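Have a look at the structure below before the remarks.
Derivation of every value follows stated rules applied to the coordinates shown; laboratory data play no part. Bear in mind that the values here come from a model prediction, so they are computed numbers and not experimental data. We place every Cβ from the backbone using ideal geometry, glycine too, and count neighbours over all the protein chains shown.
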Amino acid sequence: MLATETTLQQAGHDRHEVNCDTPAVVRGRRVVEQVEFSGDKPAQIVAWMDRLAGAGDGWINVVPKMNEDDERPTSLGFFTLFGGGGLGVTMCTWIPAPGSERDSMHTSLGITHLTGQRAFARLTSLGVPVPPTWVVEQDHPRRGLVIRVPAEEPHDEVLMWAMRATAALSAPLRITGWRADIYLPTPS
């Protein structure tokens with residue numbers, strides 16, 4: 001018997017449990033809930049934020065609706081994230097701190113926009129400055145604004161700021177409502 005096999009047997013493992021032929025665990029497909037809501041009544045979205053933060057998984061894309069039949073998908077692909085491609089709309093994405101690292105990590109808030117300039121200074125000039133305890137991680141004209149928000153920040157305040165910032169960066173377009181695409185935690 002090889003030393004590796006002996007060590008594995010002593011640890012309670014059979015050789016066939018830890019070899020290259022072990023099939024990969026396939027995780028379930030992520031379910032997406034779409035919720036339309038009013039900007040002055042975001043309680044339902046805050047409840048979803050609480051749920052995802054508790055799970056430490058999933059994310060929420062918040063999209064301003066410019067007309068009643070505005071149903072563009074919000075999944076971000078490779079070219080959107082790294083190539084600067086856009087969805088043709090300003091939107092924000094809220095991602096909770098990962099479940100196992102919630103104490104040391106921050107929640108992430110990203111805003112993709114079409115302004116063609118950096119968003120931090122523009123938001124400040126529009127009266128929607130980034131709160132002083134939040135950290136701007138990225139401010140790129142094409143890839144957008146990424147902010148680290150302390151995990152203890154109240155979800156309702158984060159959502160309201162994100163909606164004000166998204167609306168400010170969407171001007172002069174008129175927002176008729178909001179939609180949240182909620183990417184639920186992956187089933188294990």
- Whole-Hz couplings from phi, Karplus 6.51/-1.76/1.60, listed for segment 59-64; x for Gly and Pro: 6, 10, 9, 10, 10, x
- Task: Add +1 for every Lys or Arg and -1 for every Asp or Glu among the other residues with Cβ under 10 Å from the Cβ of residue 136, and state the total.
- Result: 0
- Nearest 0.05, what FRET efficiency do residue 29 and residue 117 give at R0 = 30 Å with Cβ-Cβ as r? 0.20
